[in-house]
1. Using Cα pairs closer than 8 Å and at least 6 residues apart in sequence, work out the relative contact order for the stretch 40-156, in percent.
2. Give the order of Cys115, Cys37 when sorted by the count of other beta carbons within 10 angstrom, beginning with the fewest.
3. Can you work out the FRET efficiency for the pair Leu108 and Thr63, with r the C-beta to C-beta distance and R0 = 25 Å, to the nearest 0.05?
4. How much length is gained on full extension from Val136 to Thr88, taking 0.36 nm per residue of separation minus their Cα-Cα distance?
5. Can you give me the long-range amide H partners of His51? Hydrogens built in the peptide plane at 1.01 Å from N, cutoff under 5 Å, separation of 5 or more residues or another chain.
6. For the stretch 61-156, compute the orientation-averaged projected area of the C-alpha convex hull (one quarter of its surface), in nm².
7. Which of rounded, prolate, oblate describes the stretch 53-113, given a ≥ b ≥ c as roots of the alpha-carbon gyration tensor eigenvalues and a/c under 1.5 marking rounded, otherwise prolate only if a/b is larger than b/c?
8. Along the charge dipole of the stretch 29-156, which of Ala106, Gln133, Val50 sits closest to the positive end, that is, farthest toward it, with unit charges on the beta carbon of Lys, Arg, Asp and Glu (+1, +1, -1, -1)?
Amino acid sequence: MRKSPFVLLVTSMFALMSMMSVPAVADEPDEPAPLRCTIEISVDLTAVDVHWEGEIFGDIVGTIQLWEHPDNYVVGKVMHYFEDFIITTSDGAVIQGSEKGIWNFATLKFRSVGCVTDATGDWEYLEGYNTLQMGVTDGLTGPVITGIGIELLMPP
């Protein structure tokens, strides 16, 4: 009989300790999830106004344009590029930003990182988001080069 009060005391202590270690539920909303999109782009090297453009779809639907800066440079078989992007969504909002990246001429793969500098409409909350873009192009032989890849937009 003497063990019962002791067992009750130990059980109560463990129950109290386990309740103390449970984190409190935060009143703040969940972190926003990254947005994931597919891009299909092309560039016509014979055009007067050379830039990449195409479609973006997934969490954002619309068109995308990529305007390279004149200070791009090549080291070996890798182009280091700097560009501004403009996404026009299907509802007319505009998402703008800048990226810097590399395009490997041996593998035809590209990868860039950047950030959203301005956004309008329902997409205003994306201002300050980080971007990651990666994909592959079809080659370097024709006047028109096409590429496909993903564009991720992540909270800062």
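1. Values: 288 pairs, mean separation 23.4, N = 117.
It comes to 20 percent, rounded to a whole number.
2. Numbers: Cys115 16, Cys37 20.
Going from sparsest to densest Cβ surroundings: Cys115, Cys37.
3. Working: r = 23 Å, r/R0 = 0.92.
Here the calculated transfer efficiency is 0.60.
4. On the way: separation 48, 0.36 × 48 = 17.28 nm, distance 2.25 nm.
Extra length available between Val136 and Thr88 comes to 15.0 nm.
5. Asp44
6. Details: hull surface 26.1 nm².
For the Cα atoms of the stretch 61-156, the hull's average projected area reads 6.5 nm².
7. Values: a/c = 3.38, a/b = 2.03, b/c = 1.66.
Note, shape of the stretch 53-113 comes out prolate.
8. Ala106
Where a number appears in this text, it was derived from the coordinates with a stated rule and is not lab data. It should be emphasised that the depicted structure is a prediction, and the values quoted were computed from it without experimental measurement. Counting neighbours? That spans all protein chains shown, and the Cβs are built from the backbone with ideal geometry, glycine included.
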